[in-house]
Structure formats: C-alpha cells, structure tokens
Ligand SMILES: [Zn+2]
C-alpha cells in the first residue's frame, strides 16, 4: 500500500517537529491531499490508524482536506479549478496548462500537547 509509506514519512516529520517543541503528544494532525497526489484519503486514514499505535500520535485525530486541481492556462491565463480530471481550459479550451495545486500531499497543521 502506497499510503503506508507516505504515512511512515509523515510520522518521521511529525515526531521530529514534536521533539523540537518538547511535546509529549501529538493530538491532531491535518493533511492536505491533492486529488492528483496519488493518495486515497480513506487509505491514508487506515494507514494512519495502523501506524499511530505506540507513537506520540497514538491518540491523535486525523483530518484530511482534499485539494482540488488548480490549473492555469498558458494561452489565456485563466485559472480553472477541477474536481474532475478533464484537462482543458474552461475559458478557451486549451490543453496547454500549468498545474498550480492539487498534486501534493502535505502536513498542513499539527496540534501538540506540551507538559
Ligand atoms: Zn485558456
């Protein structure tokens, strides 16, 4: 499962950040997941629940925000936000598009408990 390795990487980053802040616990984690990131939010949740046991995030809540695809047309500069995966400009129909958002998975926010 691809998501398990994504979550494993995420936990490395999270635990490092938590240690820098001398936190005892990670209480809430918010991820932004682009619809073209290649990760399925439901599988990320499952992977997170499996992985969090015996970590600082054992009781953490996971929130996932799906990020739609944001494309900028190279012909007319119109910005199109896509919930589906049809790659053409809504203004002029061009397929010469630059991807601005929607391909990444990243840690948006993390709540810590510091004693
Ligand atoms: Zn266009």
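The values are calculated or read from the model by the stated rules, or taken from the named source; none is laboratory data. Worth saying up front: this structure is predicted, and the values here are computed from it rather than measured. No Cβ is skipped: glycine too gets one built from the backbone with ideal geometry, and neighbour counts run over all protein chains shown.
In the range 64-100, which residues are more than 16 Å from the ligand (Cβ to nearest atom) and surrounded by 13 or more Cβ atoms within 10 Å (Cβ to Cβ)? Scanning the range 64-100 gives 64, 66, 67, 68.
The set of residues in the range 101-115 being surrounded by 13 or more Cβ atoms within 10 Å (Cβ to Cβ) and either modelled with pLDDT of 95 or more or within 9 Å of the ligand (Cβ to nearest atom) (or both) consists of 107, 108, 110, 111, 112, 113. Kindly indicate whether any position in the range 34-57 is within 16 Å of the ligand (Cβ to nearest atom) and surrounded by 13 or more Cβ atoms within 10 Å (Cβ to Cβ). Looking for residues that are within 16 Å of the ligand (Cβ to nearest atom) and surrounded by 13 or more Cβ atoms within 10 Å (Cβ to Cβ), one finds none in the range 34-57, hence no. Would you check if there is a residue in the range 30-48 being outside any helix (DSSP H, G or I), farther than 30 Å from residue 70 by Cα and out of contact with any helix residue (DSSP H, G or I) (no Cβ under 8 Å at 6 or more places or on another chain)? Looking for residues that are outside any helix (DSSP H, G or I), farther than 30 Å from residue 70 by Cα and out of contact with any helix residue (DSSP H, G or I) (no Cβ under 8 Å at 6 or more places or on another chain), one finds none in the range 30-48, hence no. Residues satisfying the criterion are absent from the range 12-25 (criterion: within 16 Å of the ligand (Cβ to nearest atom) and either modelled with pLDDT of 95 or more or on the phi < 0 side of the Ramachandran plot (or both)).
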